[in-house]
Amino acid sequence: MTDAIVQAKADAASKWCQNASEYLLKNGGKAWKYLLIPHDEAKENFQLGDFVKKFKV
């Protein structure tokens, strides 16, 4: 999670979501959010809502 490459990819993804959100909100769509999930936190029985609650997005 602290690796420079991971952080660079997370920053790029976050910016992409921000740009997508701006466009979509102007055109009747919904905002996008980016969530970086550590590999050791990914659980088979988790659904998206579980991750959102756990990481307070």
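Values quoted throughout were computed directly from the atomic coordinates according to the rules given, and no laboratory measurement underlies them. This structure is a prediction, so every number in the text was calculated from the model and none was measured. Heads up, the Cβs are rebuilt from the backbone with ideal geometry, glycines too, and the neighbour counts pull from every protein chain shown.
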For the chain, with equal point scatterers placed on the C-alpha atoms only and solvent neglected, what are the log10 I(q)/I(0) values from the Debye formula at q = 0.15, 0.18, 0.25, 0.27 1/Å, to two decimals?
-0.55, -0.75, -1.03, -1.07
Taking the dipole about the Cα centre of region 4-55, with the C-beta of Lys and Arg at +1 and of Asp and Glu at -1, give me whichever of G29, A12, V52 is farthest to the positive side.
G29
For a protection proxy built on the mean count of beta-carbon atoms within 10 angstrom, sort 35-44, 7-16 highest first, please.
7-16, 35-44
